[in-house]
1. Considering (1) under 17 Å from the mean Cα position of the chain (by Cα); (2) within 15 Å of the ligand (Cβ to nearest atom), say which one F234 fails and leave the rest.
2. At least 1 residues that are among the aromatic types (F, W, Y) in each: list the helices (runs of 4 or more DSSP H) lying fully within the stretch 271-370 that qualify.
3. Looking at (1) in the same structural domain as L490 (by TED's automatic domain parsing); (2) of a type in the set (A, V, I, L, M, F, W, C); (3) farther than 30 Å from K521 by Cβ, which is the only condition I416 fails?
4. Do you know which of the residues in the stretch 189-210 that are of a type in the set (D, E, K, R) and at pLDDT below 95 is farthest from the ligand (Cβ to nearest atom)?
5. Can you go through T385, T420 and tell me which one is within 16 Å of the ligand (Cβ to nearest atom) and either in a helix (DSSP H, G or I) or at pLDDT 95 or above (or both)?
6. Checking A117 against (1) aliphatic (A, V, I, L, M); (2) away from the ligand (no atom under 16 Å from the Cβ); (3) surrounded by 21 or more Cβ atoms within 10 Å (Cβ to Cβ); (4) in a helix (DSSP H, G or I): exactly one of these is not met. Which one?
7. Collect the residues in the stretch 39-52 that are among the small types (G, A, S) and more than 11 Å from R111 (Cα to Cα), keeping them in residue-number order.
8. Pairs under 7 Å by beta carbon, first residue in contact (Cβ under 8 Å) with a residue 60 or more places away in the chain and closer than 14 Å to I203 by Cβ in the stretch 142-155, partner hydrophobic (A, V, I, L, M, F, W, C) and part of a strand (DSSP E or B), six or more apart or different chains?
Amino acid sequence: MAKEIPVLPFKRFLKFDELTDFVSTLAAARPDLVTLTSIGASREGRAIHLLTITDAATGKPEDKPAYLIHGNIHALELSGTHAALYTARQLVVDHDKSDLLKRVVFYIVPRINPDGAEFAVTTSGSIRSRTDRSEREANTLYQEDVNGDGLILTMRQEHPDGSLVTDPKDPRLLIRRKRDSAGPFYRTLPEGLIHDWDGTDNIRVEGRSFDWNRNWSYDWRPEPEQGGAGDFPFSEPEMRSMAEFIHSHANIFGILGYHTGPGAVLRPPSTGSDTDLSEEDVRVMDELAQIGSEYTGLPIYPVVKYHSADRRDINLRGHFHNFGYHHLGLFVFEFELGILKNSAGIETEEILAAKKPEEEEEEMRRLMKWWDEQEERDEIYKPWTPFEHPQLGKVEIGGLLNRHLAGRTLPDLEEISKGTYQFTVEHASRHPRIILEDVQVDAVGGDVYRIRARTANRGHFPTNVSNQGRSLRKLRAVQVEFHPACCVNLLSNQGHYHIGHMNGLTDSRLLEWFVSAPPGKQKLCEIRVFGGTGGNVSVYVTK
Ligand SMILES: [Zn+2]
């Protein structure tokens, strides 16, 4: 009996076991379409799940053009997992009314960072990609649930130098201390314990020192030039697994990553400016990004421009976008799915606008007011509660929950995920498509036969995908192999053909071979075409 396709509830973020359960159930429900494997294991030994989604009846995954989706590289950006799973499920649901899975394979890695995500989803603690506890340093605070309520929140402590005071307009919030502020004055630290503390105010906080979206290979720079870089490109096992997966799959023609900053469609470049890229490539990227924007309502930014308006353009070294464009030659995108402020009706342009500190404070009050008005709502605030800290003494623990501030509300995320799915379908529909057509055999006389066939790219993108892809050796050019059957002799002076890259839609090459075959022999040859991003085809030719 066929199993039901599992429902993906947009109710709360998923723990690792729940994620595993969902992907296993999806694969079990439609084994003809979905295969669950992993690209490797995390540092703490969790599987980095990989869903391979294609119609098995129409060919092997490795012979089809491939679209890769990844999510949740950043620990707190749990909505990326949900959006990736939404797409996985919807591809399966829509299969009866679409040809896409007949032609394309989707590789979906819903959670690149299962360890960081588990930390975020179970504690609400704040790390960028991974903790750096393996090499604990003196005077460094490591996040921990010290009061045993199951959460990692914020500790506030009265201190003469404290830069924060209680907001008189919303006492749940802390605002910047001003000239005329009345005390008490607070300093804040994440909930946790200080390793090897010397008792001074010199306390460093862990958890920001690895950013896996600075660990890709293109233009990687070490610390301190690029914060979060890691020790060398792909030094993190999870990222290395991604790199090995990508480099061993010549069929990948497009990649989409999911993140959770203020809602946006992001495109390359992540350093420099558009003028560093082929003009034609920028035009195509903008056209695709525009489709993403129309389906989601999110504004488009090149990564270098995605920052608050009072800052200079950013240069992110070792970033996914430059890796995808410069090292792979592909059109790559990221969706920033949006933060809680977006759900509260504060648009990304407004979130990123240049603001005075008072305006920032007003924005937080607006968020809290909106939250108070919601009927169904997640807990985003815990009251400040006195606690006797074993090292710091009297503190209060409470404040806002990072895991919820860092994402949209889940019902809101479901709407955005519908849009990003539509974008994915549009982008993926433009795949290159290498075929072999008009295969023809003519008896020339005696034992001699002429074989003709046309190899063509009938997909939208060229096999080099972008102009950048044409100059790279990464993207495999089209090659034709001619394998005569037993007792058949090739008479032409060329069997195999190096075709090179092929343009989209109207590019074809007529190929011709002469062979001699003994009477009674039916099978003449096998023609195999290796089309890189356009997929592979193979045909047996008989008399
Ligand atoms: Zn991110």
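The values are calculated or read from the model by the stated rules, or taken from the named source; none is laboratory data. All figures in this text were calculated on a predicted structure; none of them were measured in a lab. For neighbour counting, all protein chains shown are included, and Cβ atoms are generated from backbone atoms with ideal geometry for every residue, glycine included.
1. Only one criterion in (1) under 17 Å from the mean Cα position of the chain (by Cα); (2) within 15 Å of the ligand (Cβ to nearest atom) is unmet by F234, namely (2).
2. Working: elements: 279-296, 340-343, 348-351.
Per the criteria, 279-296.
3. Of everything listed in (1) in the same structural domain as L490 (by TED's automatic domain parsing); (2) of a type in the set (A, V, I, L, M, F, W, C); (3) farther than 30 Å from K521 by Cβ, I416 misses just condition (1).
4. Filtering the stretch 189-210 for residues of a type in the set (D, E, K, R) gives 191, 196, 198, 201, 204, 206, 208.
Now narrow it down to the ones that are at pLDDT below 95: 201, 204, 206, 208.
Details: D201: 31, R204: 23, E206: 19, R208: 13 Å.
Step by step, filter the stretch 189-210, then rank; the result is D201.
5. Numbers: T385 fails: within 16 Å of the ligand (Cβ to nearest atom).
Of the residues listed, the single one that is within 16 Å of the ligand (Cβ to nearest atom) and either in a helix (DSSP H, G or I) or at pLDDT 95 or above (or both) is T420.
6. Failed condition: (2).
7. From the stretch 39-52, those among the small types (G, A, S) are 40-42, 45, 47; that's our starting set.
Of everything in the stretch 39-52, those that are among the small types (G, A, S) and more than 11 Å from R111 (Cα to Cα) turn out to be G40, A41, G45.
8. The qualifying pairs are Y142/L193; M155/L189; M155/V395; M155/I397.
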